[in-house]
Amino acid sequence: PERLAHRLPDSLPDADATLLEPRGVALHALDLGRVQPGMTAGVCGCGPLGLLLVQLLRRAGVDVLVATDPLPHRVVAAEALGATVAVETRRAGTEILPATVAGGVDVAFEVAGEDDAIATAIETLRPGGRLVLVGIPTDDRSSFTASIARRKGLTISICRRMKASDLPRAIELAENGRIDLSSLISERYALADGSEAFAS
């Protein structure tokens, strides 16, 4: 429907515009995390959506104490975009947190769609913390050790897509150049080469 179409600013490169949808999802996840300036956060999974979250958290005045991903280039990118500590791992616990942190982070975002990332997020959260599940599991099923989450009294939210108001927010942020989108684009393909792009 036409009401769902949004005009893009001329200043926004077409390639950057392709990342507005994940940015809208990241904004919705940020809202679910109820972040406030001065809080601490962890991001488990540093693909494009996780890297957008690292940037948005920093912009919101939140210290991204730790970011994790099994792929080395994503870990490097997370650190470059503002994560205090970036760790190449699928599964970890409190040992990855900076020594100055007592008790864990205030909010953790799982953005990998994998149980190991959920476990890492739960392990690194402080008691009473908030977990936002953003990743989409391949087999449509996620699981975690309930006793740890219960003992910590965690609040768990699930992020699905974005709210209607999030896309205009994403466009406004892009227009102001406050979030780096271009560094997240690693390859460019012609439309005719779409099948090759998805296969690689």
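The values are calculated or read from the model by the stated rules, or taken from the named source; none is laboratory data. Just so it is clear, the model here is predicted, and its values are computed rather than measured. Here the Cβ is made from the backbone with ideal geometry for all residues, glycine too, and neighbour counts use every protein chain on show. In case anyone asks, the SASA skips ligands and DNA or RNA and just uses the protein heavy atoms, side chains included. Shrake-Rupley method; radii C 1.70, N 1.55, O 1.52, S 1.80 Å.
Summary of values
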| read-out | value |
| --- | --- |
| Answer from 154, 133 - the residue that is modelled with pLDDT of 95 or more, open to solvent by less than 50 Å² (accessible area, probe 1.4 Å) and within 24 Å of residue 24 (Cα to Cα) | 133 |
| Segment 84-117, residues that are surrounded by fewer than 23 Cβ atoms within 10 Å (Cβ to Cβ), closer than 12 Å to residue 54 by Cα and not aliphatic (A, V, I, L, M) | 84 |
| Unique match (being loosely packed, with under 13 Cβ neighbours inside 10 Å, in contact with an Asp or Glu (Cβ under 6 Å, 6 or more places away or on another chain) and more than 22 Å from residue 26 (Cβ to Cβ)) among 195, 200, 143 | 143 |
| Failed condition for residue 101, given (1) within 17 Å of the chain's Cα centre (by Cα); (2) in contact (Cβ under 8 Å) with a residue 60 or more places away in the chain; (3) farther than 30 Å from residue 2 by Cα; (4) not in a helix (DSSP H, G or I) | (1) |
| Residue satisfying condition, being out of contact with any Phe, Trp or Tyr (no Cβ under 6 Å at 6 or more places or on another chain), within 19 Å of residue 172 (Cα to Cα) and either part of a loop (DSSP other than H, G, I, E, B) or open to solvent by less than 20 Å² (accessible area, probe 1.4 Å) (or both), within set 27, 53, 65 | 27 |
| Flag if residue 170 is over 20 Å from residue 110 (Cα atoms), at pLDDT 85 or above and not in a loop (DSSP other than H, G, I, E, B) | yes |
| Residue 185 vs. criteria touching a Lys or Arg at 6+ places or on another chain (Cβ under 9 Å), open to solvent by less than 50 Å² (accessible area, probe 1.4 Å), touching a residue at least 24 places away in the same chain (Cβ under 8 Å) and not small (Gly, Ala, Ser) | no |
| Residues located in segment 1-24, provided they are under 17 Å from the mean Cα position of the chain (by Cα) and in a loop (DSSP other than H, G, I, E, B) | 18, 19 |
| Test for residue 81: is it more than 22 Å from residue 28 (Cα to Cα), surrounded by 19 or more Cβ atoms within 10 Å (Cβ to Cβ) and in contact with a helix residue (DSSP H, G or I) (Cβ under 9 Å, 6 or more places away or on another chain) | no |
